[in-house]
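The values are calculated or read from the model by the stated rules, or taken from the named source; none is laboratory data. Keep in mind that what you see is a predicted model, and the values were worked out from it rather than measured. Cβ placement follows ideal geometry from the backbone for every residue including glycine, while neighbour counts extend to all protein chains displayed. Remember, those area values only see protein heavy atoms, side chains included, never the ligands or the DNA or RNA. Shrake-Rupley method; radii C 1.70, N 1.55, O 1.52, S 1.80 Å.
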Amino acid sequence: MPHAAAVVLAGGSGTRLGAEGNKVYLPLAGRPLLAWALEAFARAESVRRLVLVARPDDRSPARAAADAVPHPVEVVD
């Protein structure tokens with residue numbers, strides 16, 4: 001089976017939603033919305049590398065969402 005990398009973009013600001021921050025960090029069923037997306041990629045057998053692109057100001061919530069997934073996630077600016 002071929003190997004793939006998944007790049008998840010989370011650099012938004014949440015302004016259209018009216019949130020105080022990026023909507024991907026809002027909770028959904030007890031976890032950040034972003035964690036659900038990351039987990040979907042982590043479960044794909046072909047995905048060997050998972051990269052999360054986040055704003056530098058969102059480094060802490062990005063890392064928390066990445067840590068909620070049982071797969072290594074590289075967080076980059």
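Below, the figures for the structure above:
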| quantity | calculated |
| --- | --- |
| Filtered residues of the stretch 36-59 (kept if without any contact (Cβ under 8 Å) to a residue 24 or more places away in the chain and of a type in the set (S, T, N, Q)) | none |
| Candidates 18, 14, 30, filtered to the one that is in contact with a helix residue (DSSP H, G or I) (Cβ under 6 Å, 6 or more places away or on another chain), among the small types (Gly, Ala, Ser) and free of Cβ contacts under 8 Å to residues at least 40 places away in the same chain | 14 |
| Strands (runs of 3 or more DSSP E) within the chain that include 2 or more residues open to solvent by less than 30 Å² (accessible area, probe 1.4 Å) | 4-10, 47-54 |
| Residues satisfying the stated conditions in the stretch 30-65, i.e. of a type in the set (D, E, K, R) and within 12 Å of residue 5 (Cα to Cα) | 45, 48, 49 |
| Among the residues listed as 6, 40, the single one being of a type in the set (A, V, I, L, M), closer than 20 Å to residue 76 by Cβ and out of contact with any helix residue (DSSP H, G or I) (no Cβ under 9 Å at 6 or more places or on another chain) | 40 |
| Any hit, the stretch 12-29, residues being at pLDDT 90 or above and touching a Lys or Arg at 6+ places or on another chain (Cβ under 9 Å) | no |
